[in-house]
Amino acid sequence: MLRYYGLNLSLQLLRRIEALLPMLKKRKRNASTMFSLLLLSYLPAHAQYLPFHEGEYLDTTTTRNPACAKTMTLPYFAMDGKYPRSSATLVREATAFLQRGSRKFNGSGYITFRFVVDCAGYRQPMTQVLQTDASYAAIHFRPELVQELYAFLKTLKDWRMVTYSGHAVSYFTYLTFKLTDGKVVAVIP
């Protein structure tokens, strides 16, 4: 273990971060700021929330399954990558998950999580968050509600492994929670 700014870091973690620095420089981000964000991503906490001009993201860690590093990533609708449980079942489970806490939420609209399921059927941590009202205008729900729904999403472990031309592939997918007065009334798709 090595100490860096008071953190105990493994040599493997430092090598991963160093490998990402050239990519960060290409994106014209301040390398030291991004390096700090990468370090913070390894601390235990709620999902990170990072707003960028191109969108909002949760859990932006770069952990990837090495076996899937060179596979294609396709959209879920081209691969039959829909979650295997019915929307009604997911609504019941999400509602029960939200009710386990004593918080009451409000607001109506949609919270959509966009993420990748790798070739082995595991949800990858980098998740884009899209939030709209019932008229599809961009809004922001209470962060606690977004965090709770994201925590529920992380409990879903039955993502499908899919193949294309006989090869396992990764796929982009979405899970949208339709809310009415702070209650989950539908899960799409």
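The values are calculated or read from the model by the stated rules, or taken from the named source; none is laboratory data. Quick caveat, the model's predicted, so the values are computed rather than measured. When we count neighbours, we look across all protein chains shown, and the Cβ atoms used for this are built from the backbone with ideal geometry, even at glycine.
Among the residues of segment 132-146, is there at least one that is within 30 Å of Pro66 (Cα to Cα) and surrounded by fewer than 17 Cβ atoms within 10 Å (Cβ to Cβ)?
Taking segment 132-146 and keeping what is within 30 Å of Pro66 (Cα to Cα), we get 146.
The next check asks that each one be surrounded by fewer than 17 Cβ atoms within 10 Å (Cβ to Cβ); those that pass are none.
No: zero hits.
Residue pairs whose Cβ atoms lie under 9 Å apart, sitting 6 or more positions apart in sequence or on different chains, and linking a residue in segment 123-142 that is without any contact (Cβ under 8 Å) to a residue 60 or more places away in the chain and part of a loop (DSSP other than H, G, I, E, B) to a partner that is surrounded by 15 or more Cβ atoms within 10 Å (Cβ to Cβ) and polar (S, T, N, Q), are Ala134/Ser108; Ile139/Gln131; Ile139/Thr132; His140/Gln131; Phe141/Gln131.
Scanning segment 80-122 for residues that are part of a helix (DSSP H, G or I), loosely packed, with under 13 Cβ neighbours inside 10 Å and of a type in the set (S, T, N, Q) gives Thr89, Gln99. Just to verify a result, which residue in segment 161-184, among those that are loosely packed, with under 14 Cβ neighbours inside 10 Å and in a loop (DSSP other than H, G, I, E, B), is nearest to the chain's Cα centre (by Cα)? The extreme case among them is Asp181.
Being at pLDDT 85 or above and either surrounded by fewer than 17 Cβ atoms within 10 Å (Cβ to Cβ) or of a type in the set (A, V, I, L, M) (or both) is a description that applies to Leu149.
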